[in-house]
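Every read-out reported here was derived from the displayed coordinates using simple, explicitly stated rules and does not represent laboratory data. None of these values were measured; they are calculated from a predicted model. Ideal geometry is used to build each Cβ from the backbone, glycine not excepted, and the neighbour counts take in all protein chains shown.
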Amino acid sequence: GHGPVTDPETLRLRALDALTTARDRTSLLTSSVEDHELTSQHSPLMSPLVWDLAHIGNQEEQWLLRTVAGRDAIRPEIDSIYDAFEHPRASRPSLPLLAPDEARRYASDVRGRVLDLLESIPMHGRPLLDAAFAFGMIAQHEQQHDETMLITHQLRKGPAALSAPEPPAGDTTGLEPEVLVPGGPFTMGTSTEPWALDNERPAHQRHVPDFHIDTTPVTAGAYLRFMEDGGYTQERWWAEAGWQQIRTHDIGAPLFWHRDAGTWLRRRFGVVEPVPLDEPVLHVSWYEADAYARWAGRRLPTEAEWEKAARHDPVSGRSTRFPWGDEDPTPERANLGQRHLRPAPAGAYPAGESPLGVRQLTGDVWEWTSSDFLPYPGFAAFPYREYSEVFFGPEHKVLRGGSFAVGEVACRGTFRNWDLPVRRQIFSGFRTARDA
Ligand code: AVJ
Ligand code: FE
């Protein structure tokens, strides 16, 4: 269930569960390869995995032990090494990083002290403590780095280190290709979700005119038709900067795809397999998504359109927490939490559809929107400017919905992700829309 929980024991259990779930995943991602692979650089786009591990511990120490509990630093000399703003990812392998066993010991030392703190600290009285916010924020931070580490695993060369069961089957028979979302106001963002981050706040009214949106994310098969129709060779489909990027870097397919004897193959966590045509297309940039949409005679949805499709209940007029309602995600509703290491085919998760019948808005793939990452009216940075505020502006595009790699605690109908429009290593796909 949900609703404003105030009982401190319930809040403690929720925080404990979220922190423990995140740490289980972190442990798996950092123990499934040899230690020398934790310290090496798999891609200049990413940190060595051991940096993420100690950064997770360092953020937890800074927020929960120092800021919330007022403790002194355990290892003050390491703060600057794990400050994401001081060192670009490409330079992190040359920093004096904690070795894998030291990083593991540090993160678990911090965690032990945090769990002691959680047992005794009040769950109200300061904004950081209200509804255990700081603990929820730190669990989300760890899950976000677990997704980052999964991207590093995907970029890593060599035999598979991770495996997972297949996601449920998809079925689009009987599904209309698109859904009409009726125009009118809806509530965007939230002022009540206890662990919502600053950029999701506050709730406010938006007027969105009638529009149509795809029932499912765009599939690899549909994307292949764009490619076969010369999508990558015709400038007319491309934003100017996107055309520059694909020409400069000789891009002609999604990242991790290659052609072999006339068949398109893709590499996924160390396994090469034929591109599954019914799966949402993955690892495309905003420019590729935008070009496909134009070729299809359509456009990307705005962020407000996406959120209205995902949250607006036309019967009650209310915005729900998720497409299916207010209940937390379950394995029947959404592909989340790295439970499967791929998106489910289009049409999967009928139990997760929106009231208007839009599927797979939560989980599977991050969905590019046409919108720049901007603050909502009334935005206030909390608790630090470097989470969202410093990234607002036209250089970042918003992604919505969450991928199969996103932890449940870091996923809501209001959750906002953002990245540069050239990014392709992230678990990004899209769906298209059109004016009614
Ligand atoms: C919200 C996913 C863009 O990974 O850069 C992690 C999350 N912020 N540590 C990122 C984040 C600080 C952030 N994104
Ligand atoms: Fe971080």
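Enter the Cα centre distance for the pair segment 289-351 and segment 19-64, rounded to the nearest angstrom.
What the calculation gives is 29 Å, centre to centre.
Based only on Cα atoms, what mean projected area does the convex hull of segment 118-215 have, in nm²? Display every interim value, and only then the final one.
On the way: hull surface 46.0 nm².
If I average the Cα hull's projected area over directions, I get 11.5 nm².
For E395 and D116, what does the FRET efficiency come to when R0 = 35 Å and r is the distance between their Cβ atoms, rounded to the nearest 0.05? Kindly include the intermediate steps, with their values, before the conclusion.
Values: r = 42 Å, r/R0 = 1.20.
FRET efficiency, E395 to D116: 0.25.
Over all directions, the average projected area of the alpha-carbon convex hull for segment 56-122 comes to how many nm²?
Working: hull surface 19.0 nm².
Averaged projected hull area, Cα only: 4.8 nm².
Tell me the label-point distance for the pair D171, D328, using the 7 Å Cα-to-Cβ offset, in nm and rounded to one decimal.
Here the answer is 2.9 nm between the modelled labels.
Round to the nearest 0.05 the FRET efficiency obtained for S91 and T192 when R0 = 41 Å and r is the Cβ-Cβ distance. Mind showing how you got there, number by number?
On the way: r = 41 Å, r/R0 = 1.00.
Computed FRET efficiency for S91 and T192 comes out at 0.50.
Out of all DSSP beta bridges in the chain, what portion is antiparallel? Express it as a percent rounded to 5. Before the final figure, lay out the partial values.
Working: 31 of 34 bridges.
Roughly 90 percent of the DSSP beta bridges within the chain come out antiparallel.
Which log10 I(q)/I(0) values, to two decimals, does segment 338-436 give at q = 0.19 Å⁻¹ under the Debye formula with one point per Cα?
The calculated log intensity ratios at q = 0.19 Å⁻¹ are -1.04.
Choose one answer from T414, T173, T215: the residue with the largest mean-square fluctuation in a GNM of the chain with alpha-carbon springs under 10 Å.
Of T414, T173, T215, the most mobile in the Gaussian network model is T173.
Given labels modelled 7 Å from the Cα in the Cβ direction, how far is it in nm from L129 to D109?
Using points 7 Å along Cα→Cβ, the separation is 2.7 nm.
Using a simple spin-label model with points 7 Å from Cα along the Cα→Cβ vector, what separation in nm is obtained for V315 and D79?
Reported label-point gap for V315 and D79 is 5.3 nm.
So, in Å, what gap is there between the alpha-carbon centers of segment 166-184 and segment 352-389?
A separation of 20 Å, based on Cα centres.
Given a 10 angstrom Cα cut-off, can you work out which residue in R126, R92, R104 is the most mobile in a GNM of the chain?
Between R126, R92, R104, it is R126 that shows the largest mean-square fluctuation.
Return the long-range amide H neighbours of V208 (sequence gap of 5 or more, or a different chain), with a cut-off of under 5 Å between placed amide H atoms.
Distant-sequence amide H within range of V208: G184, F186.
Please give the contour-minus-distance gain from L420 to D17: 0.36 nm per residue of separation, less the Cα-Cα distance, rounded to one decimal in nm.
Values: separation 403, 0.36 × 403 = 145.08 nm, distance 3.25 nm.
141.8 nm is the gain from fully extending L420 to D17.
For the chain, report the translational diffusion coefficient in µm²/s to the nearest whole number, using Stokes-Einstein at 25 °C, 0.890 mPa s, and a Kirkwood Rh over Cα pairs.
Details: Rh = 22.4 Å.
Calculated translational D: 109 µm²/s.
So if R0 is 41 Å, what FRET efficiency would S31 and L180 give, r being the distance between their Cβ atoms, rounded to the nearest 0.05? Present the calculation step by step, with values, prior to reporting the outcome.
Details: r = 48 Å, r/R0 = 1.18.
Rounded to the nearest 0.05, the efficiency is 0.25.
Once the piece of chain linking E235 and T10 is laid out straight, how much longer is it, given 0.36 nm per residue of separation minus the C-alpha distance between them?
On the way: separation 225, 0.36 × 225 = 81.00 nm, distance 5.61 nm.
Length gained between E235 and T10: 75.4 nm.
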